[in-house]
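To keep things clear, I will list the structure first and then write my remarks on it.
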Amino acid sequence: MEIIKQFIYEVATDKRNGPLSLILKAILLVLSGFYYLVAKIRIAIYEKFYVDKKFLAKPVISIGNITVGGSGKTPIVELVVRILQEKKLKPVILTRGYMANKKLTLRKYSDEANMLRNSLSGVEVIVGAARFLNAQKYLRHYAADIFVLDDGFQHFQLARELDIVAIDCTNPFGNGFLLPRGILREPVESLRRAHLFILTKSDIGRVNVGRIKETIARVNPKADIVEAIHSPVEFIELGANKSIELDSLKGKKVGVFCSIADPSSFEKTLINQGCLIGFKKFFLDHHFYQKSEIENVINSCEKNKIKYLITTEKDATKLTDLAKNIALRDLKILYLRITIKIIEGEGKLIDRINNIPLR
């Protein structure tokens, strides 16, 4: 099943060509047409008729995107929460919890929800599709100053005071097609709903920044634009929770594996840190690792005389318990902790947050 999903994804994103791929692209294009109609109808219902629009007793900041995966929503949620905490406010995160599987202990929460719980100690992360009802239930028993809606751009039901949209500069709009022919979740014109844009990976995607700003200026000229990068902080040894300085792996041959939407950007980040990639294995986004898969990766590293195996912080949340049952021998499994660092327009984000009326 995973092989089929990978094949369809590569066809949809134009990474595969050939007679079979052309036929499949035509089918996906027809399905994208239906997806477009449904998306436009759904947008019209909420924008023009305000059907089922829900208002909470506390203000809401939404953080989302217009494409599938890889734009850096989760680190932006962390950034915004920390800004709110600096203002002595109590933020609560609302997330749908994509890919969570309650039948499996390790997947009770989604990768992103687990990552937020680990990185934001003491901050409540409420998981569930009914985000308005979940927030209401929380307010009946506990206090909160503001809610941060994770992946909320397409969650029209919940009204918000600030709509932040992340755009991945390395692949802003894919091939321009909607799902399933491309990676767009909505037409680009939907960006008119946003108040502020954060252009992520603006360093490695610098060639696209001008074009992205032109698109935003055409669709939503009143919106603020902020540029940001994924800034590596440190390596953490899995299980031991030991911090390792970034420079310590410069010139070292390492293995890389992950299951994120944009593994190539992660690989580039490691290369920029001076790591020499001796082995790599990428899985589909949100992949649930089996013990045998990790053992195969470890065996490949040993064959290549690699001493360090590096993954993402998001993947690390799924590996802690699994790693306890794997004989690592001389190999160390590390994850790279990354934060969003604003390099241009930080004041615009702060002003937008400061101007939210509390109630």
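Which of (1) part of a helix (DSSP H, G or I); (2) of a type outside the set (Val, Ile, Thr); (3) over 26 Å from the mean Cα position of the chain (by Cα); (4) closer than 30 Å to ARG160 by Cβ is the odd one out, the single condition ARG352 does not satisfy?
(3)
Of all residues being buried (at least 21 other Cβ atoms within 10 Å of the Cβ) and not β-branched (Val, Ile, Thr) in the stretch 288-312, which is farthest from GLU112 (Cα to Cα)? Just the residue, please.
So the residue we want is CYS301.
Look at VAL123 and say whether it is modelled with pLDDT of 90 or more, outside any loop (DSSP other than H, G, I, E, B) and buried (at least 17 other Cβ atoms within 10 Å of the Cβ). Show your work before the answer.
Values: modelled with pLDDT of 90 or more: yes; outside any loop (DSSP other than H, G, I, E, B): no; buried (at least 17 other Cβ atoms within 10 Å of the Cβ): yes.
In short, no.
Quick one: would you say TYR46 is hydroxyl-bearing (Ser, Thr, Tyr) and under 30 Å from ILE146 (Cβ atoms)? Walk me through it before giving the result.
Numbers: hydroxyl-bearing (Ser, Thr, Tyr): yes; under 30 Å from ILE146 (Cβ atoms): yes.
Against the criterion (hydroxyl-bearing (Ser, Thr, Tyr) and under 30 Å from ILE146 (Cβ atoms)), TYR46 qualifies.
In the set LYS73, LYS5, LYS87, LYS48, which member is touching a residue at least 12 places away in the same chain (Cβ under 8 Å) and more than 24 Å from the chain's Cα centre (by Cα)?
Values: LYS73 fails: more than 24 Å from the chain's Cα centre (by Cα); LYS5 fails: more than 24 Å from the chain's Cα centre (by Cα); LYS48 fails: touching a residue at least 12 places away in the same chain (Cβ under 8 Å).
Result of the check over LYS73, LYS5, LYS87, LYS48: LYS87.
Write out, first by first residue and then by second, each pair whose Cβ atoms fall under 6 Å of each other, whose residues are 6+ apart or on separate chains, and whose first residue, in the stretch 9-37, is farther than 24 Å from PHE282 by Cα while the second is exposed (fewer than 13 other Cβ atoms within 10 Å of the Cβ).
Hits for this filter: zero, empty list.
The conditions are (1) modelled with pLDDT of 90 or more; (2) within 20 Å of PHE173 (Cβ to Cβ); (3) of a type outside the set (A, V, I, L, M); (4) out of contact with any Gly (no Cβ under 9 Å at 6 or more places or on another chain), and GLY70 fails exactly one of them. Which is it?
It is condition (1) that GLY70 fails.
Condition first: buried (at least 23 other Cβ atoms within 10 Å of the Cβ) and among the basic types (Lys, Arg). Can you find one or more residues in the stretch 167-190 that meet it?
Yes: the stretch 167-190 contains one or more residues that are buried (at least 23 other Cβ atoms within 10 Å of the Cβ) and among the basic types (Lys, Arg).
The values are calculated or read from the model by the stated rules, or taken from the named source; none is laboratory data. Source: prediction; values computed, not measured. Counting neighbours? That spans all protein chains shown, and the Cβs are built from the backbone with ideal geometry, glycine included.
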